[in-house]
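Participant: I have a structure I would like to understand better, so I am pasting it below and will then ask my questions one at a time.
Read-outs: derived from the displayed coordinates by stated rules, not from any lab. Quantities reported herein were computed from a predicted structural model and do not represent experimental measurements. Here the Cβ positions follow ideal geometry from the backbone for every residue, glycine too, while neighbour counts run over all protein chains shown.
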Amino acid sequence: MTIHPPGPDDPQTIGRYRVIGALDPSAGDHSVLATGPDDSLVVVRQVHPELLAEPEFRVRLRHSAVAAMRVAGPSNTTVIDVDADADKPWLASLFVPGVRLDAAVAEHGPLPVPAVRALAAALASALGAVHAAGLVHQRLRADTVLLAKDGGRLGEIGVTPAAGLSTTGTATTIGTPDFLAPEQALGLELTPAVDVFALGSVLAYAASGVAPFAAPSVPYTLFNIANREPDLSRVPEPLYEMLAACLRKDPAARPTPAQILQYLGGPPSGPPPWPAPVLDDIGRVQAEISALRAAAPALTPAEPLPSAKPFAEAVGAKFARLRQTARETAEYGRERWAGADVLARSGIAGGLVVTLLALVGLTYFVSRPEREPGPVTGLTLAELRRIDACAWLTSAIGTGVPVVPTPLPADSWKPRPTGRWGCSLDSGKYILNLELGKEDEYLTLNQTVVDGVPITHGSPSGCVRAIASPGDEREAGIVLTLLTPPSVKDCAGVDHVAAALARSLTAAPQAEHPSPLALIEPCTLFDRDAVTEGIGPLPPQPTIADAHTCQWDALVRLNLQLLRTSNVTTGKNPQVLRVDGMEVYQGDDSTLKCTRAYLVPNAGEETVQVTVEGMPGATQQSCSIATTFLRRAVEKLPKR
């Protein structure tokens, strides 16, 4: 994925999104990188004008986009917004930094077998979610698959017909024909099996560098898809059986996404085993985004609207001079002038005395200090580490929580500090969890604003709300979750508490005696060069998983957590090892993961915990790495 500065023909805004960059061109649409009202990164795709010649295109776009919003899961790029009635209809989805599969293979060659298997699991999981929402994707191709730092992603959901609106395929489907299914090539009825066929073609391309039906011309390619067996001669033997099954001509004979996942051993877990050059490319994309954010020019404000009330002229020259001064004073902007204008007009209508007060008010707006701090819309991770989570959550519920069917008073909620320095309130049937600095990558865009603070929402099926941290830390913020009985789908309770948290950001109670462990920036306990030597080439920045976690994703994942309490050190029958004079607690190791922990002396149950995962069949090596980095982290802890 290459991101360029906006071109001369790119607008400053599309809908409520501010354009900051242009993405690689894609078949059927023009894609830009933009920021939402809460500074979230999104991809906005404007469809090409020729598509609008189809009479029902706008209807299909709207229906399919709304249907796509039901698609969930970490391997899908979530669709969040659409405007099918715009002059240039557009669709917005959450942006995931990564590298397109076709670009990765063209630049670095075919993926190794473990990487193809990880990609297959991610895409099968994504297709399962698409089909469960009643959709057929129809556009699974090498250029709609993304290799991201946390796994494979399936993009471009929501631009094809929704289920029930179109049931036949066509050879003119947008994009390269190399990954079409026979049903699409022949214009036959489409079922979810077309996506499985496309999956087989995409994985064969990823493993060999060549699409299995590729030919010099489009008609020749379509003929191969409809009539010939796939060319899998360059596919590694461990992948042959799975891909051959996906590429069967009979749709009923192909496996389902669930069967593919079962064959692979389940959904993807741990960091993806992408080759080091791909990880480097992902890191460069993240760096490009940071540069574009920094270089984005301020939006050009629209000209202020003329006064709608000629009677305002009766106020005289003094008001006119004040109004001109307000216009020329850049630091107050159009919004402040508009507010003053409304106030003045209201005063005029009410009488001379009120008019004089309005003029005084306008004079105040014009002459106040040049720079004022903007509204607090989030707290940094350093600030979140100092907060007393239970005191804040208890104060936020006020006199009670308006849950369904009967509101619960404050005294029915019992607080309990959580292992990650958060807080949980339990009322018996309901549980309210507050997590400070948790990653909120998979939440949707802002849907609520409280006193200028954007509150993002989780999926419609869950009562999750979040307030993002400011600046570069915005991937992690304040996450609030309300767990309800199965029969209750109402989220009024979590909205009530989230609004109270948003209003009290500047007054969040701090811990009287904060733990030294809680205040540590965890990544300072790791030396980057040592991490590179231990687990391979690293991306430019670690993953922000939460305020007390440092996570590096390379050939394997190295995760450091600073915890208030951990089951590894305080659970039943903890397993203790002595390594070079240090007591090390052993987690529940598996073939893919190893955890080692250290109980901080004279600090209750506070724990330093290191996990290494993503090294199949090498448990001993994973545990050796975990123990080594645990010791190094402990040696850097401040002395008590």
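Participant: With bins 5 Å wide starting at 0, give me the P(r) of region 522-635 over every alpha carbon pair, in whole percents.
Facilitator: Histogram of Cα-Cα distances, whole percents per bin: 2, 13, 24, 26, 21, 11, 4, 1.
Participant: Dimensions of region 453-599 along principal axes (Cα, Å, largest first)?
Facilitator: 53, 38, 36
Participant: What FRET efficiency comes out for N573 versus H4 if R0 is 56 angstrom and r is the Cβ-Cβ distance? Round to the nearest 0.05.
Facilitator: On the way: r = 57 Å, r/R0 = 1.02.
About 0.45, to the nearest 0.05.
Participant: Calculate the length of the line joining the C-alpha centroid of region 87-130 to that of region 449-484, in whole Å.
Facilitator: When both Cα centres are located, 26 Å separates them.
Participant: Also, I was wondering about something else. Given C-alpha coordinates of region 34-143, what is the ratio Rg to Rh with the Kirkwood estimate of Rh?
Facilitator: Working: Rg = 15.8 Å, Rh = 15.8 Å.
When Rh is taken as the Kirkwood radius, the ratio is 1.00.
Participant: Continuing with this model, one more query. Report the full-extension gain for the segment A287 to L483: residue separation times 0.36 nm, less the Cα-Cα distance, to one decimal in nm. List each step's numbers first, then the result.
Facilitator: Working: separation 196, 0.36 × 196 = 70.56 nm, distance 3.74 nm.
So the chain would gain 66.8 nm between A287 and L483.
Participant: Assuming R0 = 41 Å, what is the FRET efficiency of R16 and R528, from their Cβ-Cβ distance, to the nearest 0.05? Intermediate results must be reported in sequence, preceding the final value.
Facilitator: On the way: r = 38 Å, r/R0 = 0.94.
Efficiency, from the Cβ-Cβ distance: 0.60.
Participant: Give a quick list of GluC sites (Glu not before Pro) in region 563-640 that DSSP marks as loop, anything other than H, G, I, E or B, with at most 15 other Cβ atoms within 10 Å. Could you put the intermediate results ahead of the total?
Facilitator: On the way: sites: E583, E605, E606, E613, E635; in loops: E605, E606.
Sites meeting the loop and neighbour criteria: E605.
Participant: Taking amide H atoms as placed 1.01 Å from N in the peptide plane, list the residues 5 or more away in sequence, or in a different chain, whose amide H sits under 5 Å from that of L408.
Facilitator: It is V401, V403, by chain and number.
Participant: Another question, then. Once label points are set 7 Å from the Cα along Cα→Cβ at both T176 and S395, what is their separation, rounded to one decimal in nm?
Facilitator: Going by the 7 Å Cα→Cβ label model, 5.8 nm.
Participant: I would also like to ask the following. Need the full-extension length gain, L519 to T591, defined as separation in residues times 0.36 nm minus the C-alpha distance. One decimal, nm.
Facilitator: Details: separation 72, 0.36 × 72 = 25.92 nm, distance 3.34 nm.
Here the answer is 22.6 nm.
Participant: Please list the radius of gyration and Dmax for region 259-299, considering alpha-carbon atoms only, with Å as the unit.
Facilitator: Using the Cα atoms of region 259-299, the pair Rg, Dmax is 17.3, 52 Å.
Participant: Of K593/K636; K149/K636; K149/K438, which sit over 21 Å apart, Cα to Cα?
Facilitator: In this structure, K593/K636; K149/K636 exceed 21 Å between Cα atoms.
Participant: Would you mind giving the average projected area, over all directions, of the Cα convex hull of region 381-507 in nm² with one decimal? Intermediate values should be presented prior to the final figure.
Facilitator: Details: hull surface 29.7 nm².
Answer in nm², one decimal: 7.4.
Participant: Hey, could you get me the Stokes-Einstein D for region 544-600, Kirkwood radius over alpha-carbon pairs, 10 °C and 1.306 mPa s, rounded to whole µm² s⁻¹? Walk me through the numbers before you get to the answer.
Facilitator: Numbers: Rh = 12.7 Å.
Reported coefficient: 125 µm²/s.
Participant: Over 10 Å intervals from 0, what percent of Cα-Cα pairs in region 468-547 sits in each interval?
Facilitator: 12, 29, 30, 19, 9, 0
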